[in-house]
Amino acid sequence: MSVKAKTPSKSTEDQATVTRLLDTAERLFGELGYDGVGMRMLADEAKVNLGAATYHYGSKEALYVETFMRGFRPVNAERARLLRDAETQAGGKPVSVEKIVECMVRPPYESGLEHPAFHKFLARNLLMPPPFIHAAIQRDMAPSIGLFIAALKRALPDIPEDLLHLRSMFAMGALLMFSIHASEMPGMKNAKSRETVLREMIGYVTAGLKSRPVVPSSARPRLPIPPKPLKR
């Protein structure tokens, strides 16, 4: 089913209402999941009336999708921008694996530290997603995945493409789980500590991507590219 949120008016009051709704939805959906939250609960927690919530988004499903995309799209766009800049600087040569990994993980890592509630929400979407979110994720994420896999293929021509996909999923899964808790770790308020942890993560992921396949190609079933979403 196609879900489209109604476009809110541009008045200051309306924008404040929309922001409160999205902030509250991000927190509640992250904590309780889609089925654990109703529109009345959202409206009460956001301190807006139910009519205003319905006016701006029409349904809980539309509000859920918009809440997810509000945090997801900027991170995805920044990852793609960083990779384009790295490719320009490489002057036609393959970008180093370490630089590709930095472009891939820095935006979500920094976003997770600044907005831990969204990463909790994102983790729930990956672990227990409502069926309708798959189309939105696939539509926005597939082009970005393609950019990074293409760059990795140029940098690592001897690693099978399906294995690059799998290892990239390992990397983003580990990053996501770490980001949920990173903001609560001692020392992570310090910029130098944050950067040190990021460099360690980049080195960890880079080593995994560059390592020889553990299982020979002849003994390894070919994985779908890209991985297929779960069915309803």
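The values are calculated or read from the model by the stated rules, or taken from the named source; none is laboratory data. Not measured: the values here are computed from a predicted model. Neighbour counts are summed over all protein chains in view; Cβ atoms, including those assigned to glycine, are modelled from backbone coordinates with ideal geometry.
Numbers for the structure displayed
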| item | result |
| --- | --- |
| Residue match in region 179-192 (condition: under 26 Å from Glu87 (Cβ atoms) and surrounded by fewer than 17 Cβ atoms within 10 Å (Cβ to Cβ)) | no |
| Residue within region 188-209 that is in a helix (DSSP H, G or I), over 24 Å from Glu31 (Cβ atoms), in contact with a His (Cβ under 7 Å, 6 or more places away or on another chain) and of a type outside the set (Gly, Ala, Ser) present | no |
| Meets criteria (closer than 23 Å to Cys103 by Cβ and at pLDDT below 90) for Ser211 | no |
| Selection from region 141-171 of residues that are under 22 Å from Met69 (Cα atoms) and among the β-branched types (Val, Ile, Thr) | Ile145 |
| Any hit, region 139-161, residues being within 18 Å of the chain's Cα centre (by Cα), under 17 Å from Arg106 (Cβ atoms) and of a type in the set (S, T, N, Q) | yes |
| Failed item, numbered, when Ile159 is tested on (1) in a helix (DSSP H, G or I); (2) closer than 24 Å to Arg199 by Cα; (3) not hydroxyl-bearing (Ser, Thr, Tyr) | (1) |
| Residue check, Leu176 crowded, with 17+ Cβ neighbours inside 10 Å and either in contact (Cβ under 8 Å) with a residue 12 or more places away in the chain or outside any helix (DSSP H, G or I) (or both) | yes |
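Results for (1) loosely packed, with under 15 Cβ neighbours inside 10 Å; (2) under 20 Å from Phe132 (Cβ atoms); (3) not β-branched (Val, Ile, Thr), shown as yes or no for each residue.
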{"position": "Thr12", "(1), (2), (3)": "yes, no, no"}
{"position": "Leu28", "(1), (2), (3)": "no, yes, yes"}
{"position": "Ala46", "(1), (2), (3)": "no, no, yes"}
{"position": "His56", "(1), (2), (3)": "no, yes, yes"}
{"position": "Ala62", "(1), (2), (3)": "no, yes, yes"}
{"position": "Val65", "(1), (2), (3)": "no, yes, no"}
{"position": "Val75", "(1), (2), (3)": "no, no, no"}
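Yes/no per residue for (1) outside any helix (DSSP H, G or I); (2) under 26 Å from Val18 (Cα atoms); (3) not small (Gly, Ala, Ser):
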| residue | (1), (2), (3) |
| --- | --- |
| Tyr55 | no, yes, yes |
| Arg84 | no, no, yes |
| Arg106 | no, no, yes |
| Gly146 | no, no, no |
| Ala150 | no, no, no |
